[in-house]
Amino acid sequence: MRQLIMSLAAVLLVTACSGGDDLQAYVAQVKARPPAPIEPLPVIRPFEPMKYVASSERNPFSQPHPELLQRDAVAKKPTCEVTLPVHEKEYLEQFSLDNLSMRGTMGSGKSLWALIHTQVGEVHRVSVGQYMGLNQGRIESITPDEVELLEYVPDGKGCWVTRKTQLKLTVAN
């Protein structure tokens, strides 16, 4: 029985391999086709230089006259309504408000001081009228829950605008 199965397998194998005639005929047919034509290269036109026709205008490759620069600078200078306060820099102005936190208050009534904790681990006592933060934040009011600041922020056009900011009370961990 085993021999019968082996002989059947050999016959099937020979029959399967002999079916390659169709494949060989197809390959021969594809090789007999004429090749597809190659597209021609695009025509490259030679460069034609252009003459500078605005000879009555200023030469774009030379420096403008100093009087023109000064006149343009005066015309472009913005008129600013808010001017920065002039004061001596205080210690807490070297820290951004993100690196400062209010930890409490001292005093009572109108003489209320805020306790400000810095990123370096120091605690400073501040009162109304002092400055802190990078944007010249002047302390406007102190309540038991927050410190209200008036900051001077650049508006992107060469001037300054004011904005109110609060530093809220945070509990130490």
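The values are calculated or read from the model by the stated rules, or taken from the named source; none is laboratory data. Here the structure is a predicted model, which means the values were calculated and not measured. Here the Cβ positions follow ideal geometry from the backbone for every residue, glycine too, while neighbour counts run over all protein chains shown.
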Notebook entry, point to check: Got at least one residue in the range 119-127 being at pLDDT 90 or above, closer than 30 Å to residue 80 by Cα, aliphatic (A, V, I, L, M) and not in a strand (DSSP E or B)?
Noted result: no
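Just to check your reading of the model, which residue among 169, 150, 100 is crowded, with 16+ Cβ neighbours inside 10 Å and without any contact (Cβ under 8 Å) to a residue 24 or more places away in the chain?
150
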Next item on the list: With respect to residue 167, determine if the residue is closer than 16 Å to residue 104 by Cβ and in a strand (DSSP E or B).
Entry: yes
Notebook entry, point to check: How many residues are in contact with a strand residue (DSSP E or B) (Cβ under 9 Å, 6 or more places away or on another chain) and in a loop (DSSP other than H, G, I, E, B) when one looks only at the range 135-158?
Noted result: 6
Checklist line | Residue ID - farthest from residue 159 (Cα to Cα), chosen from residues in the range 93-119 that are touching a helix residue (DSSP H, G or I) at 6+ places or on another chain (Cβ under 9 Å) and not polar (S, T, N, Q) | finding: 116
Check: Can you tell me how many residues in the range 125-173 are under 16 Å from residue 112 (Cα atoms) and of a type in the set (D, E, K, R)?
Finding: 7
Next item on the list: Mind telling me which of the residues 39, 88, 57, 122 ends up being surrounded by 10 or more Cβ atoms within 10 Å (Cβ to Cβ) and acidic (Asp, Glu)?
Entry: 122
Notebook entry, point to check: Is it true that residue 113 is surrounded by 12 or more Cβ atoms within 10 Å (Cβ to Cβ), of a type in the set (Phe, Trp, Tyr) and within 30 Å of residue 81 (Cα to Cα)?
Noted result: no
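Taking residue 133, is it within 30 Å of residue 158 (Cα to Cα), touching a Phe, Trp or Tyr at 6+ places or on another chain (Cβ under 8 Å) and surrounded by 10 or more Cβ atoms within 10 Å (Cβ to Cβ)?
Yes: the conditions hold for residue 133.
Taking the range 127-136 only, how many residues are over 28 Å from the mean Cα position of the chain (by Cα) and under 17 Å from residue 98 (Cβ atoms)?
Here the count works out to 1.
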Check: If you take just the helices (runs of 4 or more DSSP H) that sit entirely in the range 1-117, which of them hold at least 2 residues that are at pLDDT 90 or above?
Finding: 21-32
Note to self: Against the definition (free of Cβ contacts under 8 Å to residues at least 60 places away in the same chain, surrounded by 10 or more Cβ atoms within 10 Å (Cβ to Cβ), within 19 Å of residue 166 (Cα to Cα) and not hydroxyl-bearing (Ser, Thr, Tyr)), how does residue 94 come out, yes or no?
What the structure shows: yes
Next item on the list: Could you tell me whether the range 87-99 includes any residue that is of a type outside the set (Lys, Arg) and at positive phi?
Entry: no
